[in-house]
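Q: This structure is in structure tokens; I'll ask about it shortly.
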Amino acid sequence: MPLFFPRVFKLTTFLAALFFLAAFKVEEQPLVELLQPADERKAQDALPKSHHALWNTLTKTKIHLDKKQGLYNATYPDEVKALVSTEITISGFMLPLEATETFTHFLLSKRTPTCAFCPPGEPNEIIDVWLEKPVKWDDNLITITGTFTLINNPEFGMFFKLDKAKLD
């Protein structure tokens, strides 16, 4: 049971940040500015990031804010939809969701994580990953292969998922 608290705390903190940001009436401001201050984004742009070509495709997904409900939704372009149910390989950085030695669930980010409580960058730069076998955390760029699916979970801010994944 003690491992449950860190996971819930991280998820709760992330969700609280999303709901807080959703409360603002910002009509013309880009979504990235809502999620990350410009000076923080500039500093993060100087850090290592994945240059895997597939991120260019995924980031074409448009993220929208429903101000009435305070939730985010995604509009997927055809080239992203074409990836559904296919096995893809992509590189990125691990963002663990549990405080354990090994884990089978984490977020993969295009950008270097800088905070244990929030994904770096935009929602279309994050993939929810479910591994077949547990792994240890690695702070280096990793490459992973899995079955790509779309999720439009506005409550968790997740839009892409890799199932049955394995580290390459």
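Q: Residues of the stretch 134-157 with amide nitrogen under 19 Å from the 7 Å Cα-to-Cβ point of THR86?
A: Correct set: 144-151.
Q: Tell me, what is a quarter of the convex hull surface for the C-alpha atoms of the stretch 41-152, in nm² with one decimal?
A: 7.7
Q: Give me LEU58, LEU141, LEU47 sorted ascending by neighbouring Cβ count inside 10 Å, so fewest comes first.
A: Lowest to highest Cβ neighbour count: LEU47, LEU141, LEU58.
Q: Let me ask something else about it. When the Kirkwood radius is taken over all Cα pairs of the stretch 53-99, what Stokes-Einstein diffusion coefficient follows at 10 °C and 1.306 mPa s, in µm²/s?
A: 122
Q: Here is a follow-up. In straight Cα distance, which lysines are under 24 Å from LYS60, not counting same-chain residues fewer than 8 positions off?
A: LYS60 reaches LYS42, LYS49, LYS81, LYS110, LYS161.
Laboratory data are not the source of any read-out in this text; all were calculated from the coordinates shown. As the structure is a prediction and not an experimental result, all values here were calculated from the model. Positions of Cβ are backbone-derived with ideal geometry, glycine not excepted, and every protein chain shown enters the neighbour counts.
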